[in-house]
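Okay, so here's the structure we're looking at.
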Amino acid sequence: MSQRPENPGQGCQEVVPAQLLGLQREDETIEPLLLDKGLILQKRRGYRFSIDALLLASLVVRSRAPARRSGKIRYMDLGSGCGIIPILLAKWNPNLQGHGVEIQEPLADLGERNMQLHGLEGRIQVLCMDLKRLPERFPSASLDWITCNPPYRQLRAGKVNPDPQKAMARHEITASLQDICSVTSYLLRTKGRAFLIFPASRSVELLSRLRNACLEPKYLRPVYPRVGEQARWVLVEAVSRGKEGLVMDEPLFVEDEQGSYSTEIRSIFRWDF
């Protein structure tokens, strides 16, 4: 794919309050969140959110998951990073409340300050902890929705990035795909929904791990860089203890034939739902 800004909102003009009332640190940048959704703090170096996080958030928004008739949607984001996914979903649905879970203390602190920046600290609490220990803190079947953008590479696959934040985000250092599926299965109520994005090359493993954890894959959409290339990711929605039956959606292309962002991707950047 052609070179793109790592943050799709980059380039927008925004008046930034001085140091954002003390929320910004010296090693962080203040950048537009999409096109008109305010601002977000990111690390200058290390982990920074990219387009896959936006694709995952859009999967939830476009899901046919039934809304609760009353009360809040009990939600959790595993591996929350800077908090981009909970922020977008909480802005979209005022009934959504829950937690972002991040094992790396600098990123958990960053995510917590991003919640403050958007006035969401009362709805989304950021927990700095190992996701494998969540069953010690939360009862089983206590959540409605879980999102996760897992590390894409197994620990033995490829060179591990020397930057610790990037290494943990990209390789299964602290949690494997099996760990994630097991914890998700424990936390979701019956008919609760799990939303994931994962490399297309590991899609068979993902579907197998989900089913083995009683998370039935119900929706899959392949994401391609452009026409004529192999799929890069798969977007998957699974239902806890759901019935068999998978919907395979049409491909999502990031770029059009001219090398520009596709119409659908541009609508995601506008958060036009």
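The values are calculated or read from the model by the stated rules, or taken from the named source; none is laboratory data. No experiment lies behind these values; they were computed from the predicted model shown. Glycine also receives a Cβ, built like all others from the backbone with ideal geometry; neighbour counts cover every protein chain displayed.
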**Q.** Residue in the range 221-234 that is surrounded by the most Cβ atoms within 10 Å (Cβ to Cβ), counting only those that are of a type in the set (Lys, Arg) and under 30 Å from residue 184 (Cβ atoms)
**A.** 221
Q: Working only within the range 250-263, note down all residues that are in contact with a strand residue (DSSP E or B) (Cβ under 8 Å, 6 or more places away or on another chain) and surrounded by fewer than 13 Cβ atoms within 10 Å (Cβ to Cβ).
A: 250, 251
Q. Given 237, 205, 244, which one is in a loop (DSSP other than H, G, I, E, B), acidic (Asp, Glu) and either more than 29 Å from residue 185 (Cα to Cα) or touching a residue at least 24 places away in the same chain (Cβ under 8 Å) (or both)?
A. 244
(Q) Anything in the range 211-234 that is among the hydrophobic types (A, V, I, L, M, F, W, C), in a strand (DSSP E or B) and within 17 Å of residue 180 (Cα to Cα)? List them, or say none. (A) 215, 234
Q: Please report, ordered by residue number, the helices (runs of 4 or more DSSP H) entirely within the range 90-177 with at least 2 residues that are modelled with pLDDT of 85 or more, among the hydrophobic types (A, V, I, L, M, F, W, C) and surrounded by 16 or more Cβ atoms within 10 Å (Cβ to Cβ).
A: 105-117
Q) Of all residues in the range 194-245 being among the β-branched types (Val, Ile, Thr) and over 24 Å from residue 261 (Cα atoms), which is nearest to the chain's Cα centre (by Cα)? A) 239
Q. Are any residues in the range 130-146 farther than 13 Å from residue 240 by Cα and touching a strand residue (DSSP E or B) at 6+ places or on another chain (Cβ under 6 Å), and if so, which ones?
A. 131
Q) Are there any pairs, at least 6 apart or on different chains, whose C-beta atoms fall under 8 Å, with the first in the range 181-196 and farther than 14 Å from residue 139 by Cα and the second part of a strand (DSSP E or B) and of a type in the set (Lys, Arg), and if so, which? A) none
